[in-house]
Amino acid sequence: SQTIHQWPATLVQPVGSPLSLECTVEGTSNPNLYWYRQAAGRGLQLLFYSVGIGQISSEVPQNLSASRPQDRQFILSSKKLLLSDSGFYLCAWSAVDGNTEAFFGQGTRLTVV
Amino acid sequence: LAKTTQPISMDSYEGQEVNITCSHNNIATNDYITWYQQFPSQGPRFIIQGYKTKVTNEVASLFIPADRKSSTLSLPRVSLSDTAVYYCLVVRNTGGFKTIFGAGTRLFVKA
């Protein structure tokens, strides 16, 4: 069966520090991968998606970047965090031929102080 | 992608049936209606999906009228553990999982 791992679960970082959140998927090949951010009490905002290694599409301009160094690995990064980067970050995957369902990780609660 | 409109919050009691209605007036021919459930500090979890008429699984039913401009998620005999946020999504069947997550409906189930 397929599983998605996302870590860490919580993170407190000072303003100006770098960020690296990692997501890995097991049990499937060539998945579509997504990074979402959720502000408190709000819906999910799509930040990045990837259809293959090295292929990243950005949905909104921001202080963050994403990379996909391996087929089932998706990384969210920042060189210098801002207070506004605080939020709940979720990684998700969908099958390459299954566009109508996505599977989400457990999320990372990031607090920038 | 079609945006959806659903109630911000709903209250219910244990054992009752809960119906959450969602409107999606601009739904396209190749769009599917999908509902997700999210508990605090967890990722959303797929509940049910449909294209038209009625779909039922072990946790919910989804009713979609012929014009597909709305849908109703039905949760039979809710329990306290069904307290969560429910998202109604319109998802296109091409181009990857791209959809618009609104604020969802916060369901509170009381004892």
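The values are calculated or read from the model by the stated rules, or taken from the named source; none is laboratory data. Just so it is clear, the structure is predicted and the values come from calculations on it, not from any experiment. No Cβ is skipped: glycine too gets one built from the backbone with ideal geometry, and neighbour counts run over all protein chains shown. Quick note on the areas: whole protein, heavy atoms, side chains included, nothing else; ligands and nucleic acids left out. Shrake-Rupley method; radii C 1.70, N 1.55, O 1.52, S 1.80 Å.
Structure notes:
- For residue A:58, the conditions (1) open to solvent by 20 Å² or more (accessible area, probe 1.4 Å); (2) on the phi > 0 side of the Ramachandran plot; (3) among the small types (Gly, Ala, Ser) all hold with the exception of (2).
- Residue selection: residue A:81 satisfies the criterion of being open to solvent by less than 50 Å² (accessible area, probe 1.4 Å) and more than 9 Å from chain B (Cβ to nearest Cβ).
- Of the strands (runs of 3 or more DSSP E) lying entirely inside segment A:24-113, those containing at least 2 residues that are in contact with a helix residue (DSSP H, G or I) (Cβ under 7 Å, 6 or more places away or on another chain) span A:108-112.
Rundown of residues vs (1) surrounded by fewer than 17 Cβ atoms within 10 Å (Cβ to Cβ); (2) away from chain A (no Cβ under 14 Å); (3) modelled with pLDDT of 95 or more, yes/no style:
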residue	(1), (2), (3)
B:4	no, no, no
B:9	yes, no, yes
B:20	no, yes, yes
B:37	no, no, yes
B:75	no, yes, yes
B:81	yes, yes, yes
B:89	no, no, no
B:93	yes, no, no
B:102	no, no, no
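- Considering the conditions (1) on the phi > 0 side of the Ramachandran plot; (2) away from every other protein chain (no Cβ under 14 Å), residue B:41 is excluded by exactly one of them, (2).
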